[in-house]
1. Just the residues that are among the hydroxyl-bearing types (Ser, Thr, Tyr) and touching a residue at least 12 places away in the same chain (Cβ under 8 Å), please, taken from region 11-22.
2. Taking region 168-184 on its own, how many of its residues are of a type outside the set (Val, Ile, Thr), in a loop (DSSP other than H, G, I, E, B) and in contact with an Asp or Glu (Cβ under 7 Å, 6 or more places away or on another chain)?
3. Taking the residues in region 45-78 that are among the charged types (D, E, K, R) and assigned to a strand (DSSP E or B) as candidates, determine which candidate is modelled with the highest pLDDT.
4. Under the condition of being part of a strand (DSSP E or B) and over 20 Å from the mean Cα position of the chain (by Cα), which residue from region 28-41 is surrounded by the fewest Cβ atoms within 10 Å (Cβ to Cβ)?
5. Report whether or not residue 5 is within 29 Å of residue 135 (Cβ to Cβ) and within 16 Å of the chain's Cα centre (by Cα).
6. For region 124-146, indicate whether the set of residues that are part of a strand (DSSP E or B) and closer than 19 Å to residue 30 by Cα is non-empty.
7. Applying the selection to region 148-169, what residues are under 18 Å from residue 135 (Cα atoms) and either exposed (fewer than 12 other Cβ atoms within 10 Å of the Cβ) or not assigned by TED's automatic domain parsing to the domain that holds residue 113 (or both)?
8. Can you confirm whether residue 8 is without any contact (Cβ under 8 Å) to a residue 12 or more places away in the chain, among the small types (Gly, Ala, Ser) and surrounded by 13 or more Cβ atoms within 10 Å (Cβ to Cβ)?
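The values are calculated or read from the model by the stated rules, or taken from the named source; none is laboratory data. Since this is a predicted model, take the numbers as computed values, not measurements. All Cβ positions, glycine included, derive from the backbone under ideal geometry; neighbour counts span all protein chains shown.
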Amino acid sequence: MKQLTINASTREEAGSAASGRLRRAGQVPAVVYGKTKEPVNLSIDASDLRIALREIGNNTPIVQLKEGDSEAKTSIIQEVQRHPISDGYLHVDFHEVAENETISISVPIHTKGESFGVKNENGTMELVLHTVHVRCLPKDAPDFIEVDVEELKVGDLIHVNELPSIEGVDYLDHGDQPVIAIIQ
């Protein structure tokens, strides 16, 4: 998993008026919290956030959050709020986790190859689950789960218990839950 760092500054003012001033100045209000940490109000440069979210794309949102001059801490992007019309960033929530703390996160499913059923039997591949829930340490968190679908024929399914085994990662979804189906 690649390490992406987001720089943040601590902010003293809170509330909607202060947040509005931040947004007009090209900053995004944010908060970081954790099991052993009191919530801290932050501000992040909007263009830096946009670049970071673009790099994360459809991968697991684990980043290194660097507050001012302090050491970067592993954090999960918990929520990104966007304006419904302008699509600008309104607020970001980060959840700080310790390196030895087990986390439960959603990891996206990526398919590899073109299935036999789609290519030769006029089938359609349906992604039943776009993400699966896993439990792992932050260092073991995969960016995504890659599933090879080349051998699948019409009527074939891949279930959670058939997903690739990854050391240090436990699947939390029920093993019989379908993930990918090739349908007619």
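1. The initial filter retains those residues of region 11-22 that are among the hydroxyl-bearing types (Ser, Thr, Tyr), namely 16, 19.
Residue satisfying the conditions is 19 alone.
2. Step one: filter region 168-184 for residues of a type outside the set (Val, Ile, Thr), giving 168, 170-178, 181, 184.
Still in the list and also in a loop (DSSP other than H, G, I, E, B): 168, 172-177, 184.
This time we only want the ones that are in contact with an Asp or Glu (Cβ under 7 Å, 6 or more places away or on another chain), so: 168.
Counting residues in region 168-184 that are of a type outside the set (Val, Ile, Thr), in a loop (DSSP other than H, G, I, E, B) and in contact with an Asp or Glu (Cβ under 7 Å, 6 or more places away or on another chain) gives 1.
3. Initially, region 45-78 is screened for residues among the charged types (D, E, K, R), giving 45, 48, 50, 54-55, 66-67, 69, 71, 73.
Within this subset, residues satisfying the condition of being assigned to a strand (DSSP E or B) are 45, 66-67, 73.
Working: 45: 93, 66: 89, 67: 87, 73: 89.
It comes out as 45.
4. Keep residues of region 28-41 that are part of a strand (DSSP E or B), which gives 28-34, 37-41.
Filter once more, so that each one left must be over 20 Å from the mean Cα position of the chain (by Cα): 37-41.
Values: 37: 13, 38: 7, 39: 11, 40: 16, 41: 18.
Top of the filtered list is 38.
5. Values: within 29 Å of residue 135 (Cβ to Cβ): yes; within 16 Å of the chain's Cα centre (by Cα): yes.
Criteria met by residue 5.
6. Of all residues in region 124-146, those part of a strand (DSSP E or B) come to 124-127, 131-136, 145-146.
From the residues that got through so far, the ones that are closer than 19 Å to residue 30 by Cα too are none.
Checked region 124-146: no residue is part of a strand (DSSP E or B) and closer than 19 Å to residue 30 by Cα.
7. Passing the criteria: 164, 165, 167.
8. Values: without any contact (Cβ under 8 Å) to a residue 12 or more places away in the chain: no; among the small types (Gly, Ala, Ser): yes; surrounded by 13 or more Cβ atoms within 10 Å (Cβ to Cβ): yes.
Considered against the rule, which asks whether it is without any contact (Cβ under 8 Å) to a residue 12 or more places away in the chain, among the small types (Gly, Ala, Ser) and surrounded by 13 or more Cβ atoms within 10 Å (Cβ to Cβ), residue 8 comes out as no.
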